[in-house]
């Protein structure tokens, strides 16, 4: 991704369909930079806030990842500022990534509801081993079953920092049908009582 040095204020850059940001890290001074909005969004969607990629600044290449993003208070989807952190190949990085549950609909067809306890996870990884998200297949969940951090199948080079025994998701039987049956039972019990009063 190409980035350029920024001399104008951030608001002026945004108005030109560019996003202001900063580049900092090992071996370089913090520099105010800017990137074309469309190109930056492409790299963000592809790499998230954990994968590394190269940027080109004034003919020099830097290996970076997106350390932070700022968005508009009016439009959450509009990026208004970014932080790029320069890294080296021997660095170990940490990040917080989303956890995606697979086959949740198949579990619900069993009459089960899911209680999701962890939707993001803190991970540690070497440069070049970052992932934008982790996945967990829950299709085998049964009533009162659960999956924990230790049940995750992790990509090579990725370590989850949470306790292996921490619960990610549990399954329990859907209660709505049972409650309706109970209400129906109460109505049936009340009806003979009214008939009895009429006979008296």
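One table, with the values for the structure above:
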item	result
Entirely in the range 47-116, the strands (runs of 3 or more DSSP E) that have 2 or more residues that are closer than 25 Å to residue 130 by Cβ	53-57, 60-71, 79-86, 92-102
Out of 193, 200, 179, 143, sole residue that is at pLDDT 90 or above and over 30 Å from residue 47 (Cβ atoms)	143
Condition met for residue 131 (at pLDDT 95 or above, within 30 Å of residue 95 (Cβ to Cβ), surrounded by 15 or more Cβ atoms within 10 Å (Cβ to Cβ) and within 17 Å of the chain's Cα centre (by Cα))	no
Flag if residue 159 is at pLDDT below 95 and exposed (fewer than 10 other Cβ atoms within 10 Å of the Cβ)	no
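The values are calculated or read from the model by the stated rules, or taken from the named source; none is laboratory data. Remember, predicted model here, so these are calculated numbers, not experimental data. Backbone-built Cβ (ideal geometry, glycine too); neighbour counts: all protein chains shown.
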